[in-house]
Amino acid sequence: MRLSLLALLTTTGLATIGAAQAQVIGIVTTPAGSFTNSIGAAVAKVLVENAKMPATVQPQQSHGHEPVNAGAAELSIANSFDIMFFVQGKGEYEGRGERKNIRIVSRMASLFGGIMVQKDSPLKTIAELKGKRVGSGFGAQKTVHRIWEAYLTNSGLTYKDVTPVAARNIVSGADDFASGKTDAFMFALGSGKVKQVAARVGGLRVLPMVTDAKAVAAMRTYLPGAYPLTVKPSKNLEEIRSAVPVIAYDMLLFTHAKVPDATVYKIAKALHDNKKSMMQTFRPLARFEPNRMAVDYPALQYHPGAIKFFQESKNWPPKPIDG
């Protein structure tokens, strides 16, 4: 199903549900076409069509942490480390205090990007980027700068060891690489932009992260909850020349602590039972694992309604992050 049709389908579904149903569930996401917006679209479709719960996607320019924490929306999606920082008042949210109303509903899918160079580049490791030109700053997308820092520290480097080239966001960073302004760039693997850059430079190759315990611990100082994931070559991942470990982290569906337990229970059950439907809306949800919806993330709590479902489906207690 094309995502551009989802709003029409959701509206049609809401019209047939009837006025007696519960209040519409608002799913706040980043702008239309983004990764979280696409997950939100898949969740809304399942809630409307399979759980018979009225739901609508509400795109906005920033993340949905604040609306959900304030009780202005029922659901949102974000990566695990950003939610941890938000809840604790750390990282980009330093000095804003703890947010105590966020509760996790489910792990949705892993998200991973890689550091890439030209296919025939002599660079074989991230440590060899010392002195090389790489994107930095990412003022409109500060998470990208944090992920770069995680990759660098994982290989024993910092931004002081490379030549920073200011970029506004991850797309402009990719464009800088394609035009020869940088020696490496980072992007989500398999994305359309990666294919465009590969066509311009004659092919790409992903540099491996370091997977020993000390290096992984260093990486997690920037990205708590992240983990190594080995990605194998495939038709859709031409930049993967051989099995290579990259940094991965999870996208989570979260809610407000006071959303009724029965509502969250139905949401968790609908997701668990309808992976195929979500995949039809957004293909990366092939990485959604119905028996791994509950994972133990530091500083994050699950909603009681979700816990009840996980207990009944024998998916509680939560599993280790990288287990």
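Readers should treat all values here as calculations from the given coordinates under stated rules, not as data from a laboratory. Since the model is a prediction, treat every value here as computed from it, not as a measurement. Every residue, glycine as well, gets a Cβ built from its backbone with ideal geometry; the counts of neighbours run over all protein chains shown.
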Worksheet, complete the sentence: Listing Lys269, Lys235 by rising number of other beta-carbon atoms within 10 angstrom, fewest first, gives Lys235, Lys269
Fill in: At q = 0.24 Å⁻¹, base-10 log of I(q)/I(0) for the range 43-132 (Debye sum, equal scatterers on each alpha carbon)
-1.27
Practice prompt. Calculate the dipole size of the range 220-323 relative to its Cα centre from +1 charges on Lys and Arg beta carbons and -1 charges on Asp and Glu beta carbons; express the result in debye to the nearest 20.
Written response: 240 debye
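Give me the orientation-averaged projected area of the Cα convex hull of the chain, in nm², one decimal. Please report the intermediate quantities before stating the final value.
Details: hull surface 64.7 nm².
Computing the convex hull of the Cα atoms and averaging its projections yields 16.2 nm².
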Item to complete: Straight distance only, please: which aspartates and glutamates reach the Cα of Lys52 with their own Cα at less than 13 Å, same-chain residues fewer than 8 apart left out?
Response: none
Worksheet, complete the sentence: Out of Ala140, Ala218, Ala51, a Gaussian network model of the chain with alpha-carbon springs under 10 Å gives the largest mean-square fluctuation to Ala140
Discussion item. Using the alpha carbons of the range 165-209, what is the convex hull volume per residue in cubic angstrom, as a whole number?
Written reply: 80 Å³
Worksheet item: Which listed residue (Leu253, Tyr297, His272) has the Cα farthest towards the positive end of the charge dipole for the range 162-318, taking +1 on Lys and Arg C-beta and -1 on Asp and Glu C-beta about the Cα centre?
Response: His272
Discussion item. Let's see if you can work this out: charge +1 on each Lys and Arg Cβ, -1 on each Asp and Glu Cβ, no other charges. What is the dipole magnitude of the chain about its Cα centre, in debye to the nearest 20?
Written reply: 440 debye
Worksheet, complete the sentence: Across all Cα atoms of the range 108-237, Rg and the largest Cα-Cα distance (Dmax), in Å, are 13.7, 38
Worksheet entry | ³J(HN,Hα), Karplus 6.51/-1.76/1.60, whole Hz, each residue of the range 265-274, x for Gly, Pro | 4, 5, 5, 4, 5, 4, 5, 4, 8, 9
Discussion item. Let's test the formula: R0 of 30 Å, r as the Cβ-Cβ distance of Asn291 and Ala127. What FRET efficiency results, to the nearest 0.05?
Written reply: 0.20
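If exposed means no more than 14 neighbouring beta carbons inside 10 Å and the site is in a DSSP loop, what's the longest run of the chain without any exposed GluC sites (Glu not before Pro)?
Result, exposed sites excluded: 99-323.
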Fill in: Cleavage-rule hits (chymotrypsin sites (Phe, Trp or Tyr not before Pro)) in the range 59-136: DSSP loop, at most 11 neighbouring Cβ within 10 angstrom
none
Worksheet item: Dimensions of the range 160-238 along principal axes (Cα, Å, largest first)?
Response: 37, 34, 18
